[in-house]
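**Student:** My questions all concern the structure below.
The values are calculated or read from the model by the stated rules, or taken from the named source; none is laboratory data. Just so it is clear, the structure is predicted and the values come from calculations on it, not from any experiment. Because the Cβ atoms are built from the backbone with ideal geometry, glycine has one as well, and the counts that use them run over all protein chains shown.
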Amino acid sequence: MRYLARQIERQVARAAKHFPAVILTGPRRSGKTMMLRKLFPRAGYFLLEAPDVVARVRSDPQGFLDAAGSPVILDEVQNVPEIFAYVRARIDRHARRTGQWFLTGSQEAPLMGGVTESMAGRAAVLQMYPLSTRESEKVSMLRGGYPEVVARPGAAGLWFSSYVQTYLERDVRAVTAVRDLATFRRFLALVASRHGQMLNKTDLAAPLGISVPTVSQWLGVLETTAQILLVPPYFENIGKRLVKSPRVYITDSGLACHLLGVNTAAELEKSPFLGAIFEGFVASEIIKAQVNNGERKELYFFRDEQGLEVDFVIPGRGRSLSLVECKATRTVTPDMARPLFRLGEAMKTKGKESVELLLVHRAPVIPAGFGALAPGVRALDWREFLAERSPRGI
């Protein structure tokens, strides 16, 4: 499979110049290992998922690290968390040597537990998502951004089926003691059916016959393993009561389509989930752009109890904001921009220095008079919008 340059490469290379260790987390099969091996071709490589390697590490960690040498890539290191203490000791013996240890993990929470205890101050921690539209023009709503799907879209159905099975058998069991994987798989599909909706845990629990605390635990598993995005509400006080529940999205739109049984472009166009999938696709691309640029993940939605709703609120520098409304339609009308304008005016009265109003859609079909009916609103094709927010330089 041909290697595609990743936007986060600059952040990884910079971290390697300043820290002894770089820890890269993210979903399984998002391209972490391939990127590290491309960036650091002289580093040794060990997959800490292979039974023989895991046995060697556990029986003689010092001997394993002596033989491995450095620089070295230790892949899926969360499977042997006890190795952190030995790596830390070696870092401390040669504190000025940077770029020696590259550790990857598919499960952020267990991995971060080891980092907090053993690697604090010694490692840069970065997160990597599947391919973005800036990294490959073949990334799409229907197929998403996993590199292997982008490379072989014709085998997407089989790939996603295998991915879900691997995810359930390895990542889910590693994060928490889920005994009933069949029910958890149904839970994953049920979450996909709520793609783009406000999270209602009772609504998820009832069809599966499980408790709300179990739903909370399982949602934590999905978020920990980067399979879902929970977009919280924006709580800036603008004088109205606001909803408090987050919206939930499947992180990769291709996986969302697979779980929803949407297999072709024609099916996607006719699907009742088209609007939600487009919205989630844009949300994921915004998060990727932020992470790839070394920024905090900051994405919110707005909805008040009077019905005013805007899909995304993106904080900028200082007291600036971007308000984004997503429309999967191919024809934009002035009515679509009115919520943006109303909320933008309310935000300005609360002291925001600048408020950017953006209507993101799928085709540049804008009727005459649009600007006059929605002053200050820019309508952008989704590719233009994402290009504006993506880091440059690859």
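**Student:** Within segment 100-112, is there a residue that is out of contact with any helix residue (DSSP H, G or I) (no Cβ under 8 Å at 6 or more places or on another chain) and at pLDDT 90 or above?
**Tutor:** So far as segment 100-112 goes, no, none of its residues is out of contact with any helix residue (DSSP H, G or I) (no Cβ under 8 Å at 6 or more places or on another chain) and at pLDDT 90 or above.
**Student:** I would also like to ask the following. So if I check each of LEU190, LEU204, LEU229, which one is under 26 Å from ARG303 (Cα atoms) and over 21 Å from the mean Cα position of the chain (by Cα)?
**Tutor:** Of the residues listed, the single one that is under 26 Å from ARG303 (Cα atoms) and over 21 Å from the mean Cα position of the chain (by Cα) is LEU204.
**Student:** For segment 301-350, enumerate the residues that are aromatic (Phe, Trp, Tyr), in contact with a helix residue (DSSP H, G or I) (Cβ under 7 Å, 6 or more places away or on another chain) and either under 16 Å from LEU380 (Cα atoms) or part of a helix (DSSP H, G or I) (or both).
**Tutor:** If the condition is that a residue be aromatic (Phe, Trp, Tyr), in contact with a helix residue (DSSP H, G or I) (Cβ under 7 Å, 6 or more places away or on another chain) and either under 16 Å from LEU380 (Cα atoms) or part of a helix (DSSP H, G or I) (or both), then PHE312 is the only one that fits.
**Student:** Does ARG93 count as farther than 26 Å from ARG173 by Cα, touching a residue at least 24 places away in the same chain (Cβ under 8 Å) and not assigned by TED's automatic domain parsing to the domain that holds VAL149? Break it down stepwise before answering.
**Tutor:** Values: farther than 26 Å from ARG173 by Cα: yes; touching a residue at least 24 places away in the same chain (Cβ under 8 Å): no; not assigned by TED's automatic domain parsing to the domain that holds VAL149: yes.
Here the answer is no, as ARG93 does not meet what is asked.
**Student:** Another one. Here is a check on your reading of the model: is PHE235 surrounded by fewer than 19 Cβ atoms within 10 Å (Cβ to Cβ), among the aromatic types (Phe, Trp, Tyr) and at negative phi?
**Tutor:** So PHE235 fits the description; yes.
**Student:** In segment 287-298, what residues are at negative phi and surrounded by fewer than 23 Cβ atoms within 10 Å (Cβ to Cβ)?
**Tutor:** Of everything in segment 287-298, those that are at negative phi and surrounded by fewer than 23 Cβ atoms within 10 Å (Cβ to Cβ) turn out to be ILE287, ALA289, GLN290, VAL291, ASN293, GLU295, ARG296, LYS297, GLU298.
**Student:** Just give me the residues in segment 169-218 being among the hydrophobic types (A, V, I, L, M, F, W, C) and free of Cβ contacts under 8 Å to residues at least 12 places away in the same chain, in sequence order.
**Tutor:** From segment 169-218, those among the hydrophobic types (A, V, I, L, M, F, W, C) are 172, 174-175, 177-178, 181-182, 184, 187-192, 198-199, 204-206, 208, 210, 212, 215, 218; that's our starting set.
Residues satisfying the conditions are ALA177, ALA182, ALA205, ALA206, VAL212.
**Student:** Restricting to segment 123-141, name every residue that is crowded, with 21+ Cβ neighbours inside 10 Å, of a type in the set (A, V, I, L, M, F, W, C) and touching a Gly at 6+ places or on another chain (Cβ under 9 Å).
**Tutor:** MET128, LEU131, VAL139, MET141
**Student:** While we're on this one: Among the strands (runs of 3 or more DSSP E) confined wholly to segment 1-116, which include 2 or more residues that are within 22 Å of the chain's Cα centre (by Cα)? Before the answer, list the steps.
**Tutor:** On the way: elements: 21-25, 44-47, 72-75, 101-105.
Once the strands (runs of 3 or more DSSP E) in segment 1-116 are filtered for at least 2 residues that are within 22 Å of the chain's Cα centre (by Cα), what remains is 21-25, 101-105.
**Student:** Still on this model: For segment 21-48: of the residues being within 26 Å of TRP159 (Cα to Cα) and of a type in the set (Lys, Arg), which is modelled with the lowest pLDDT?
**Tutor:** That would be ARG28.
**Student:** May I ask you to verify whether VAL212 is farther than 24 Å from ALA283 by Cβ and touching a helix residue (DSSP H, G or I) at 6+ places or on another chain (Cβ under 7 Å)?
**Tutor:** So VAL212 passes the test.
**Student:** Looking only at segment 107-122, count every residue that is surrounded by fewer than 19 Cβ atoms within 10 Å (Cβ to Cβ), under 15 Å from VAL22 (Cβ atoms) and not hydrophobic (A, V, I, L, M, F, W, C) and tell me the total.
**Tutor:** Total meeting the criteria: 2.
**Student:** Are any residues in segment 53-75 under 22 Å from LYS32 (Cα atoms) and either in contact with a His (Cβ under 6 Å, 6 or more places away or on another chain) or exposed (fewer than 14 other Cβ atoms within 10 Å of the Cβ) (or both), and if so, which ones?
**Tutor:** GLY69
**Student:** In addition: Out of all the residues in segment 275-296, which are outside any helix (DSSP H, G or I) and in contact (Cβ under 8 Å) with a residue 24 or more places away in the chain? I'd like the intermediate steps shown before the answer.
**Tutor:** Here is the first cut: in segment 275-296, the residues outside any helix (DSSP H, G or I) are 293-296.
Correct list: ASN293, GLY294.
**Student:** A further question on this structure: Test of understanding: among MET347, MET336, which residue is over 18 Å from ILE286 (Cβ atoms) and modelled with pLDDT of 85 or more?
**Tutor:** Within the list MET347, MET336, the selection yields MET336.
**Student:** Mind listing whichever residues of segment 175-211 are crowded, with 16+ Cβ neighbours inside 10 Å and aliphatic (A, V, I, L, M)?
**Tutor:** Selection gives VAL175, VAL178, LEU188, LEU190, VAL191, ALA192, MET198, LEU199, LEU204, ALA205, LEU208, ILE210.
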